[in-house]
1. Using each residue's phi in the range 54-67, evaluate 6.51 cos²θ - 1.76 cosθ + 1.60 at θ = phi - 60° and report the 3J(HN,Hα) Karplus result to the nearest Hz, with x for Gly and Pro.
2. Distances over 22 Å make up what percent of all Cα-Cα pairs in the range 49-167?
3. Give me the aspartates and glutamates in straight-line cross-link reach of K212: C-alpha distance below 19 Å, same-chain residues under 8 apart excluded.
4. Take the residue pairs K70/K95; K132/K196; K65/K132; K95/K149; K151/K210 and return only those whose Cα atoms are more than 28 Å apart.
5. Non-local amide H neighbours of F54 (under 5 Å, H modeled in plane, Pro and chain starts lacking H): which ones?
6. Taking Cα centroids, how far is the range 131-192 from the range 106-123 in Å?
Amino acid sequence: MFLISVNKFKVFIVANLISCILNQNEICNYYSDCTCTFCGEDRNYTECDFINLFCESGSNTFTSKYSTYKNNYLNYFKREKDAEIFCGDQKPAIKENQKETLIIQTGKSYTQGTRIHCHYNVIYNDYYNSYKIYNPLMTYELAGDGDNKLKFNLIVIYYGENDVLTDIFTDDELRNRPYSDNVTDYDKVELFIDFKENEYSHIDETFTIKVKLELKEGETENKDSGNKAGKIIGDLAGIIVGILFIGVLVYFLTCCCCCQKSGGK
């Protein structure tokens, strides 16, 4: 009986060792645990995607390997054909009540048979000049009709003052329903997109990111400036009136004193 238990224990140990070895050979991705290897450890990033930067549902975003390989991926992906044109330029949100601004829009297509990787940083306490006070609402969605669909994974990292959250979306999830998130509590939102190999001569969809700034009733950027200017002018007018009042008061007091002295003589 004891020998059987010992043998079972040995089998268990061997199985665990084999499992560890297999896991260590697994390439990291968002859905794997962290006993894996990073894609590109041989300095070949041809088959790598941004999703390979993450494991354990993105919880390892502050490891030294993550930072190193993130920069390596970014430098390599910049050289991709059509990347600069397809990923588009990032634009600031417009400070008007209830107005939704299209800040990012991918191009209509990229070369058939290739992949594209896009990366964006949306910094609310810098890039948007403290727009956080207007409760920014960020929306990710797919736009366009047709049979030739985009295929991608979107990984989003939300950086707060005390915490970091990571989320992932597929093209099917966003196609079925756009996703909106209030990002008021975050200083930065970082987005990684792995567009899969293009199977078509043209694509009928674009991926978009929009931001809506929830302002107070009737408040706009111009009105903000006008209110500030009006306040400054009002303050200056108050100071001038105060100086004039003091001047008049001193004048009358001086006159009264002179009259009393004259009467006394």
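1. Once θ is set to phi - 60°, the couplings for the range 54-67 become 10, 8, 6, 6, x, 6, 9, 5, 10, 6, 5, 5, 4, 4 Hz.
2. Considering the range 49-167, 46 percent of its Cα-Cα pairs are separated by more than 22 Å.
3. Within the straight-line cut-off, K212 pairs with D89, E96, E100, D126, E141, D181, D185, D187, E190, E221, D224.
4. Correct reply: K70/K95; K132/K196; K65/K132; K95/K149.
5. Excluding prolines and chain starts, which carry no amide H, the hits are Y30.
6. What the calculation gives is 15 Å, centre to centre.
Where a number appears in this text, it was derived from the coordinates with a stated rule and is not lab data. If you're wondering where the values come from, they're calculated on a predicted model, not measured in any experiment.
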